[in-house]
Amino acid sequence: MKITYVIILGLGLAACHGSEPHRESASTYERPDVPADIRPEQASEWTMACQNGQSLVVTFDHPRQMATVRRSDGLAFDLMREASSTGYLFRATETELHGNGNAAVWRAPRVSDTSCRVTEVKPLAHP
């Protein structure tokens with residue numbers, strides 16, 4: 001009797017669970033549709049979501065080797081591209097965006113460094 005009860009209970013739980021594994025919905029911070037190996041040269045603009053809740057819009061000026069980073073509070077920073085042994089680096093006094101692929105670290109004055117991910121990509125315009 002005990003064995004029958006355990007088998008029936010186990011079958012009932014298995015039926016409630018369903019055949020599809022449970023999947024968490026992707027947060028804004030982790031978007032699977034942005035390639036992990038994306039590079040600044042492949043875009044005119046990135047939107048980034050950061051772990052501290054801030055949003056960044058990065059507009060690239062490839063001929064001048066610059067990026068303008070606009071925070072969600074409206075403050076903007078013009079950064080110059082610098083050589084990096086891995087990934088990319090855009091820097092100005094006390095401010096930098098340094099990363100590899102769709103992951104980066106944002107450093108700005110009076111704000112703790114925060115990890116960010118590219119969530120949207122605006123492609124380069126082709127003539």
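The values are calculated or read from the model by the stated rules, or taken from the named source; none is laboratory data. Since the model is a prediction, treat every value here as computed from it, not as a measurement. No Cβ is skipped: glycine too gets one built from the backbone with ideal geometry, and neighbour counts run over all protein chains shown. We work out accessible area using only protein heavy atoms, side chains counted, and drop any ligands, DNA or RNA first. Shrake-Rupley method; radii C 1.70, N 1.55, O 1.52, S 1.80 Å.
Data for the structure
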| item | result |
| --- | --- |
| Test: residue in region 62-78 that is open to solvent by less than 10 Å² (accessible area, probe 1.4 Å), free of Cβ contacts under 8 Å to residues at least 24 places away in the same chain and part of a strand (DSSP E or B) | no |
| Qualifying residue in region 97-111 (condition: surrounded by fewer than 13 Cβ atoms within 10 Å (Cβ to Cβ) and in a strand (DSSP E or B)) | no |
| Region 112-127, subset closer than 15 Å to TRP46 by Cα and not in a strand (DSSP E or B), residue farthest from the chain's Cα centre (by Cα) | ALA125 |
| Failed item in (1) in a loop (DSSP other than H, G, I, E, B); (2) modelled with pLDDT of 90 or more, with THR59 passing the rest | (1) |
| Residue within region 24-45 that is over 20 Å from the mean Cα position of the chain (by Cα), at pLDDT below 60 and loosely packed, with under 10 Cβ neighbours inside 10 Å present | no |
| Test for SER85: is it assigned to a strand (DSSP E or B), of a type outside the set (Val, Ile, Thr), at pLDDT below 95 and loosely packed, with under 15 Cβ neighbours inside 10 Å | no |
